[in-house]
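The values are calculated or read from the model by the stated rules, or taken from the named source; none is laboratory data. Note that the structure is a prediction, hence the values are computed from the model and not measured. Using ideal geometry, Cβ is built from the backbone for each residue, glycine included, and neighbour counts are taken over all protein chains shown. SASA here: full protein model, heavy atoms, side chains in, ligands and nucleic acids out. Shrake-Rupley method; radii C 1.70, N 1.55, O 1.52, S 1.80 Å.
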Amino acid sequence: MSQTELVRSELEPLIETIDVKTHFKTPRGIARAVDGVSITIRRGQSLGVVGESGSGKTVLSRSIMGLLPRNGVIREGSVRYQGQEISNRSDKEMQSIWGREMAMIFQDPMTSLNPVMKIGKQITESLRKNLSMSSSEAMAVAERLMHDVRIPEPARRLNQYPHELSGGMRQRVMIAIAMACGPNMLFADEPTTALDVTVQAQILELLSEQKRERNMSLLLVTHNLGVVAGYTDEIAVMYGGKVVEKAPTKTLFADTKMPYTEALLRSIPRLDQPSHSRLSTIPGRPPDIVHPPRGCHFAPRCAYVRDLCLNEEPELQQAASPDHTFACFYPVGSPEYLERRVELTRKGELVASEGSN
Amino acid sequence: MAGTGKAHLRDDTNVLLRVEDLVVEFPIGRTGLKVNAVSGISFDVLKGETLGIVGESGCGKSTTGRAIMQLPSPTSGSIVFDGTELTTLSGEAMREARTKIQMIFQDPISSLNPRRNVRDIVLEPLSIWKRGTAAEQLAAVDKILEHVGIDPQRAAESKPHQFSGGQCQRISIARSLVLNPQMIICDEPVSALDVSVQAQVVNLLEDLKKQFELTLIFIAHDLAVVKNISDRIAVMYLGKICEVSSSDDLYRNPAHPYTDVLLSSIPVPDPTVAVKKVVVDGEPPSPVSPPAGCRFNPRCPNASDRCRSEEPTLREIEPAHFVACHHPLFGGEAPVVVRSN
Amino acid sequence: MSATSVTSAPEDIIVSKKLGFGFWLCVTWVGLMAFIAIFASALPLKSPTANFLDSARGRPPYAPSWSHWFGTDKDARDVFSRSMYGARISLTVGFAAITAGFLIGGTLGVISGYYKGWIDRISSFGFIVLLSFPSLVLAILLTSLIDRNLLTVSMVLGLLSIAPVGRLARAATLQYADREFVLAARQIGATNRRIIIKEILPNVAIPMSSLALLGMAVAVVAEGGLAFLGFSVQKGITWGGLIQLGSDASKTLQDAPWIAFFPILMLFLTVLSLNFAGDRLRTFFDVKETTL
Amino acid sequence: MRYYVQRVALAILLLLAVSMLTFGALNILGDPLFNILGPVAGDVNNPDSIKMIALAKKEFSLDRSLPVRYFIWLSDFVRGDFGVTFSSTGQPPVSGVVSERLPRTISLVFLAQMFAVVVSIPWAIIAAARAGKISDRISTINAFFLVAMPNFAIAVILKFVFSLKLGWTPITYVADDPLRSRLFQLLLPALTIGLPVAAVYQRLLRSDLITTLQQDFILLARTKGLSKTRILFVHALRPSLFSFITVVGLNTGALIGGSIVAETVFRIPGIGSTLVESIFRNDFPVVLAIVMIVASGFVVINLLVDFAYTLIDPRVRR
């Protein structure tokens, strides 16, 4: 690859989705799990997808990778990988992409490894299939991978079964499996949610190190804004199957536009607040994706709601800073927002801690 | 006898619960091995206080909570609640004593019987203890449901699965409140909930605590939540208490290396704060064969030979701040104890 | 959290939340059989023991005809009415056996699953001992030693169903006994008795009820097998006995297959209905469980 | 190792309990004296009868207490001495009758089991791979029909169709025929008892496979780029076999029960049909011996199944 080509490929999106919709047919009606999401991930970049349960973040990552079942699922929109349309490919055609080009790690390391297969075989399997390695070659690579993900005594571990390993070790094995064929794109679906906090930090560190060393792109799905803050370049906030705000990480935190993002940030208890500080909450519960509310999906829970929000759905719009989009009629900082804010403060409905920040 | 010490126990007339040398062990099948879930811990809770117990999975925090309720009874140790020793109570007396302490569990859905309607679930304690007439009981249940923000009308008609996780947790709280308990033990009450809902439940607990003059024990792995709700925090590691202090002090001045690790591992939702490098390797060892000496020594950056052989005891390093560590981050080395024998 | 929403969504599609037409059809068939079994003597049926010798048609057995829908057997008895009367013993024994099995096995299972400890060890060993005999062998052994009437045959089959029912009840109880809502009930001061009745039973009973239908199918087949070998109720008309009568000699089976085949059809339809209805009920409740 | 020792100890304990139960049932519910002497046993006024009763009591240790008789019988039994049969043609030892007929029953049960396993596994895999599609639904309905068909009914139907109408298979079993034709004669009986069991296996394995296929580790296997076939056979099959092999063990009991029916219908002199005949003949020692042998075989098979379990599930190994 020549120098110019390399530069071009750095700029070109690795993954690009346009208006992806994934709807499930359920007995209650159609569940709009992902409802028109367009995102772009460039080579070597990491995107954090953040949302509450039911926001569609996991379905989005599986839709991009083409892992969802075909029965009872309505899929629309376009997914491009290195410029190639892949959303219409069959499972069989995707097999050449899975493992080699894209890999995924899951939330629960207890259930994500085959309980009756030795660790070694689980790692070497894809090497042998995708890179046509011999058994001994693959074993040698597997041992190096185990070493890379900092598993002590890799040779011995290769001969063990998953139940003989701790949760953190299993998650490392899962990362080793994902890294085996050197994918360009890694999907990490809540990779640390099931882990203890000290182990979570180790795994996040490992992931970002692997990403850096391999110039790999990363899509990190999580409900924890703290996790994405330190480890991603860009963040997409999802709510009710849609991206409601997307921005480079620093911009998102410094210049939050969407009241939902703001509320989400504020409801996290922070260590630097004195104890017994009143936590700011979001009233109500996440929207029903089968029967979503009219207008802006967040409107029923939003403190800054106005008539327009209840009747019309806001489109994603460009913010002042580049690469920052949000879907709100009265974003944080707008005159209407400030007006309502003054009202709320007067009525004492804003808790003290919200004033600061 | 080397335990984790009792220096932090307070000699106060206001002490509602006093736990001393609590040990809980579970046999593993018939293998002869046992899980050392809790290995001799002591703590006390004053009336109206909130004690936070924090630690990673397997540190024995939930077991401690259940042992107080005698579900199951601890292997040894003393638990004095409101002047009564709970560990020696007979079945019937224990049944009655339990009503004064209530517990809320982690999984809001599993905490409620899926086959009963919600009002029935909240009514159950009153009907067991035959408090008041049927009409009075119903009125009391409706009132408490309103307190926790559940529509009594809906509760009368619905089964638990028709409510969200956060609402189920509110229902659990309502059930624990109807008997007017003095203390509520909250075992990871918000861990299974979304952040936005988590804050609602924490606020609700704070409100109810004031309204009903409750004493709380709040058990969780999330230090940020524990710190927010607690007055005093006990940090547990592998069945032992490492540090006890007021919650603000603990955050400002952690003394035990483990507390420090725990604090710095928490991801901060602010990209301008540089991510701290991981300061600890590995994972907590199995509670089946805990390490000798200080249980944190295999992972501790400050571990010395002394840590590997001698178990540290809790000592006060500044007013109301206790640590069980030979080489704490401040407050000086632990004095070498000369044994009389 | 979000992972469950993904995996549960496709499941919703496959398993419908209705019991469906097939279920009700099966229930109707079993209900009809039960009705006939109970009211057989009051219904306008030919006598099952009467001899319908028809000199014009020569020697019996007679093939099915307008007057004898299912034909007659060698003694010129009406196969249709005998098949109807056959439902009586088959269904009664099936029902009585599974009821006894549920009362004894279910109680033992719930108690041992809830209290665990030595009660559990003893009853579990008892279950394994009972299960160490192939069930038909044990049934033959016991029925051969007793005076075979409706009650004793039901009791023997009931005894056989204790162990399987007990083990299932125990497993179901174990599943719930450690759930938080049981702990919650204990901490509000509920007695063990109350917990078993109010918290455990409603949860165990519903999945078990679908097993009752499956269990009844097994008991009906077992009774048929016993009758076929000659070990069921003495001198009673049962489906198994009718089939045996129609197939004991190769010549009978070859020349007059209707004698055996109509009772086979009745038995088959009944067992199929019980199985199908039970299975529908099981998936129906399982779905409820996972959506909780 | 500890696990194996425990399991063997339990099996021995079980066999003791089973033997006590069988011996007890036959001696308490039944009347061994009547079994030996017939009506003479009740004729206590006739001096001849009294003499015979006394003789028989002595001969068969019936004058001893029940536990003593049990131990005498048990020690004989474990040494292979099953007593003598009460037959009109002298008193041949039971062991001879059993050793002549047992192999037929064993081959019948073995054939049926092989058939059921060999048919059900591919059937279940194909069905699970196409779960929810039309072909799967049809196969599910077929399985339902088979499960609902009692084996005595299948025996009658198969005999009617293949022996009587088509004449493909002989009506009776001829013990003197060469091995090949005897195996051929066992075909219909094996189908009789194997068919419904195959359907039971298929239903169970299919539903376990479907459950396994929804697990996260299958999703992980897919993201590795493995082919569907490899995922089915290498990843999904083995963890789905746990309850399958348990049920294969348990259903050996159903097959043994079925062999009683099949041997009766197809007139095969195996121990199943012998059991029925002996009961009608009140031949107490044969009944006792057969029930014990069958139960022991069943217990041993379930023991082997438990050991097989440790082969496929590493988590059980200690």
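Assorted remarks:
- Looking only at segment A:258-300, and only at residues there that are assigned to a helix (DSSP H, G or I) and within 8 Å of chain B (Cβ to nearest Cβ), the one that is surrounded by the fewest Cβ atoms within 10 Å (Cβ to Cβ): A:Leu265
- Wholly enclosed strands (runs of 3 or more DSSP E) of segment B:1-104 bearing at least 1 residues among the β-branched types (Val, Ile, Thr) and at positive phi: none
- Segment A:36-72 - residue that is at negative phi, within 14 Å of chain C (Cβ to nearest Cβ) and open to solvent by 10 Å² or more (accessible area, probe 1.4 Å) and, of those, farthest from the chain's Cα centre (by Cα): A:Asn71
- Residue satisfying all of: in segment B:278-327; within 23 Å of B:Leu33 (Cβ to Cβ) and not in a loop (DSSP other than H, G, I, E, B); nearest to the other protein chains (Cβ to nearest Cβ) among these: B:Arg299
- Filtered residues of segment B:247-277 (kept if among the polar types (S, T, N, Q), outside any helix (DSSP H, G or I) and either at the interface with chain A (Cβ under 8 Å from one of its Cβ atoms) or open to solvent by less than 50 Å² (accessible area, probe 1.4 Å) (or both)): B:Thr272
- Within segment C:37-46, tally of residues that are polar (S, T, N, Q) and closer than 13 Å to C:Val79 by Cβ: 0
- Search result, residues across segment D:129-170 that are surrounded by 15 or more Cβ atoms within 10 Å (Cβ to Cβ), more than 8 Å from every other protein chain (Cβ to nearest Cβ) and closer than 30 Å to D:Ala236 by Cα: D:Ala129, D:Asp136, D:Ser139, D:Thr140, D:Ala143, D:Leu146
- Of residues in segment A:1-36 being farther than 24 Å from A:Ser63 by Cβ and not in a helix (DSSP H, G or I), the one modelled with the lowest pLDDT: A:Met1
- The residue that is modelled with the lowest pLDDT, among those in segment C:259-292 that are of a type in the set (Phe, Trp, Tyr), more than 19 Å from C:Ala227 (Cβ to Cβ) and surrounded by fewer than 22 Cβ atoms within 10 Å (Cβ to Cβ), is C:Phe285.
- Against the test of being at the interface with chain D (Cβ under 10 Å from one of its Cβ atoms) and touching a helix residue (DSSP H, G or I) at 6+ places or on another chain (Cβ under 9 Å), the options C:Leu245, C:Leu267 yield a single qualifying residue, C:Leu267.
- Each residue in segment A:79-116 was checked for being more than 17 Å from A:Asp19 (Cα to Cα), in contact with a strand residue (DSSP E or B) (Cβ under 6 Å, 6 or more places away or on another chain) and more than 9 Å from every other protein chain (Cβ to nearest Cβ), and 0 of them qualify.
- Any chance D:Ala54 is open to solvent by less than 40 Å² (accessible area, probe 1.4 Å) and among the aliphatic types (A, V, I, L, M): no
- Test: residue in segment D:190-209 that is within 14 Å of chain A (Cβ to nearest Cβ), without any contact (Cβ under 8 Å) to a residue 40 or more places away in the chain and closer than 15 Å to A:Met117 by Cα: no
- Segment A:106-127, residues that are under 30 Å from A:Pro27 (Cα atoms) and surrounded by fewer than 24 Cβ atoms within 10 Å (Cβ to Cβ): A:Gln107, A:Asp108, A:Thr111
- Comparison of D:Leu232, D:Leu226 shows that the only residue that is of a type outside the set (D, E, K, R), buried (at least 18 other Cβ atoms within 10 Å of the Cβ), in contact (Cβ under 8 Å) with a residue 40 or more places away in the chain and farther than 30 Å from D:Leu164 by Cα is D:Leu232.
- Taking the criterion of being more than 9 Å from every other protein chain (Cβ to nearest Cβ), not charged (D, E, K, R) and not in a helix (DSSP H, G or I), the residues of segment C:202-242 that qualify are C:Ser232, C:Val233, C:Gln234, C:Gly236, C:Ile237, C:Thr238.
- Within segment C:263-282, residues that are of a type in the set (D, E, K, R) have Cβ atoms under 7 Å from residues that are open to solvent by less than 20 Å² (accessible area, probe 1.4 Å) in these pairs: C:Arg280/C:Phe23; C:Arg282/C:Ser210, counting only partners at least 6 apart in sequence or on another chain.
- The residues on offer are D:Ser278, D:Ser273, and the sole one that is surrounded by 24 or more Cβ atoms within 10 Å (Cβ to Cβ), in contact with a Lys or Arg (Cβ under 9 Å, 6 or more places away or on another chain) and more than 9 Å from every other protein chain (Cβ to nearest Cβ) is D:Ser273.
Yes or no, residue by residue, for (1) at the interface with chain A (Cβ under 10 Å from one of its Cβ atoms); (2) buried (at least 20 other Cβ atoms within 10 Å of the Cβ); (3) at pLDDT 90 or above:
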{"position": "B:Glu146", "(1), (2), (3)": "no, no, yes"}
{"position": "B:Gln162", "(1), (2), (3)": "no, no, no"}
{"position": "B:Val178", "(1), (2), (3)": "no, yes, yes"}
{"position": "B:Val202", "(1), (2), (3)": "yes, yes, yes"}
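- For segment A:302-337, the set of residues classified as farther than 18 Å from A:Ile282 by Cβ and among the hydrophobic types (A, V, I, L, M, F, W, C) consists of A:Leu308, A:Leu316, A:Ala319, A:Ala320, A:Phe329, listed by residue number.
- Single unsatisfied condition, D:Gly297 versus (1) in a helix (DSSP H, G or I); (2) within 16 Å of D:Gly83 (Cα to Cα): (2)
- Enumeration of residues in segment A:148-177 that are open to solvent by less than 50 Å² (accessible area, probe 1.4 Å), out of contact with any Lys or Arg (no Cβ under 8 Å at 6 or more places or on another chain) and of a type in the set (Lys, Arg): A:Arg157, A:Arg170
- Subset of segment B:178-199 (residues that are more than 14 Å from the chain's Cα centre (by Cα) and in contact (Cβ under 8 Å) with a residue 40 or more places away in the chain): B:Val178, B:Leu179, B:Pro181, B:Gln182, B:Ala192, B:Leu193
- If you go through segment A:199-231 and pick out every residue that is outside any helix (DSSP H, G or I), more than 14 Å from the chain's Cα centre (by Cα) and surrounded by 22 or more Cβ atoms within 10 Å (Cβ to Cβ), you end up with 1.
- Residues that are in contact with a Phe, Trp or Tyr (Cβ under 8 Å, 6 or more places away or on another chain) and part of a strand (DSSP E or B) were ranked within segment A:178-196; the one that is farthest from the other protein chains (Cβ to nearest Cβ) is A:Met185.
- Elements of the type helices (runs of 4 or more DSSP H) sitting completely within segment C:129-201 and holding at least 2 residues that are hydroxyl-bearing (Ser, Thr, Tyr) and on the phi < 0 side of the Ramachandran plot: these cover C:135-145, C:150-177.
- Test result for D:Val261, aliphatic (A, V, I, L, M), open to solvent by less than 10 Å² (accessible area, probe 1.4 Å) and away from chain C (no Cβ under 11 Å): no
- All conditions in (1) crowded, with 20+ Cβ neighbours inside 10 Å; (2) over 13 Å from the mean Cα position of the chain (by Cα) hold for C:Ala219, with the sole exception of (2).
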